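The block underneath contains the structure these notes are about, expressed in structure tokens.
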Amino acid sequence: SDLLLRVNQKLCDITGYSREELFTKRLIDLTHPDDRAVTHEHVDRLRSGELNSFSLVKRYIHKNGSTIWANATLNMVRDDRGVLDYIMAVINDITAQKNAEAELNSNIARTMMRLELAQFDLQQTEEQLRAALTASDTVTFRWDAETGELLEFGNDAKRLFGVLPSETISNSSQLLSRLHPDDVAIIEASTERVRRTGELEIENRIV
């Protein structure tokens, strides 16, 4: 009949049923419907002798209808003749742990979504900035203030300095020949000040 033969108070606490109520039930009756098939399969393998014991993380249904997560270990107990006498089940309630994991995963998912939205907003802002720069005939480029290495020097910057698209410009020193001769000294002095202060606005001429 598979009815429960002996239970302790802990099982009553976990499931919400009294001892008397549990003695009228089978363990499979307490199992969540979605986990009954896999439980049946393992119990059949236990009865056939294929398994001596097994453990499953599975769900049970509390008397009040709520879901209980548990780590269930079932062992086959034989009599002196080696015949199956009964099956002993040890159930460890891990509902709190599962709920914590679900909350953590939910927080991670929300954080990832916020990051993706922030990245999308950044891309949108960059695209808007590029569109605004193009519309205003403004050009941006970047270089290492210490080494002069050009970190970003696109076709718009090349067009401003009169550099052919196929021409390679790798260092800001190569741009000095493109400046008006009267402004070279100003640019060199300004670059030195930028290294110290980090920001500077100047006007100069490009030939």
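The values are calculated or read from the model by the stated rules, or taken from the named source; none is laboratory data. A quick note: this is a predicted structure, and the numbers were derived from the prediction, not measured. Every residue, glycine among them, receives a Cβ derived from its backbone with ideal geometry; neighbour counts consider all protein chains shown. Just so you know, the surface numbers come from the protein's heavy atoms only, side chains and all, with ligands and any DNA or RNA stripped out. Shrake-Rupley method; radii C 1.70, N 1.55, O 1.52, S 1.80 Å.
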Worksheet item: Looking at segment 120-127, is at least one residue out of contact with any Lys or Arg (no Cβ under 8 Å at 6 or more places or on another chain), surrounded by 10 or more Cβ atoms within 10 Å (Cβ to Cβ), among the aromatic types (Phe, Trp, Tyr) and farther than 29 Å from Glu167 by Cα?
Response: yes
Worksheet item: Inside segment 84-98, can you point out the residues that are touching a residue at least 12 places away in the same chain (Cβ under 8 Å), of a type outside the set (D, E, K, R) and part of a helix (DSSP H, G or I)?
Response: Thr95, Gln97
Discussion item. Going by what's in this entry, would Lys58 be described as basic (Lys, Arg) and closer than 15 Å to Leu4 by Cβ?
Written reply: no
Fill in: Set Val57, Val43: member being out of contact with any Lys or Arg (no Cβ under 7 Å at 6 or more places or on another chain) and open to solvent by less than 40 Å² (accessible area, probe 1.4 Å)
Val43
Worksheet entry | Matching residues, segment 63-83, being outside any strand (DSSP E or B) and either open to solvent by 40 Å² or more (accessible area, probe 1.4 Å) or under 17 Å from Asn8 (Cβ atoms) (or both) | Lys63, Asn64, Gly65, Ser66, Asp79, Asp80, Arg81, Val83
Fill in: Restricting segment 1-19 to residues that are in contact (Cβ under 8 Å) with a residue 60 or more places away in the chain and open to solvent by less than 90 Å² (accessible area, probe 1.4 Å), the residue that is farthest from Met88 (Cα to Cα)
Ile14
Response to the item:
When every residue in segment 138-179 that is open to solvent by less than 60 Å² (accessible area, probe 1.4 Å), part of a loop (DSSP other than H, G, I, E, B) and touching a strand residue (DSSP E or B) at 6+ places or on another chain (Cβ under 7 Å) is compared, the one farthest from Arg195 (Cα to Cα) is Ile169
Worksheet item: Going by the conditions given, is Ala118 over 29 Å from Asp13 (Cα atoms), out of contact with any strand residue (DSSP E or B) (no Cβ under 8 Å at 6 or more places or on another chain), free of Cβ contacts under 8 Å to residues at least 12 places away in the same chain and assigned to a helix (DSSP H, G or I)?
Response: yes
Fill in: Members of segment 22-59 that are closer than 17 Å to Met88 by Cα, in a strand (DSSP E or B) and in contact with a Phe, Trp or Tyr (Cβ under 9 Å, 6 or more places away or on another chain)
Thr31, Val57, Lys58
Worksheet item: Quick one: is Ser177 at pLDDT 85 or above and farther than 29 Å from Gln128 by Cα?
Response: yes
Worksheet, complete the sentence: Of the residues in segment 182-207, those that are in a helix (DSSP H, G or I) and either of a type in the set (Lys, Arg) or in contact with a Gly (Cβ under 8 Å, 6 or more places away or on another chain) (or both) come to Arg193, Arg195, Arg196
Item to complete: Confirm whether Ile187 is in contact with a Phe, Trp or Tyr (Cβ under 8 Å, 6 or more places away or on another chain) and open to solvent by less than 90 Å² (accessible area, probe 1.4 Å).
Response: no
Worksheet item: Can you tell me which residues in segment 26-57 are within 25 Å of Ala96 (Cα to Cα) and charged (D, E, K, R)?
Response: Arg26, Asp29, Asp34, Asp35, Arg36
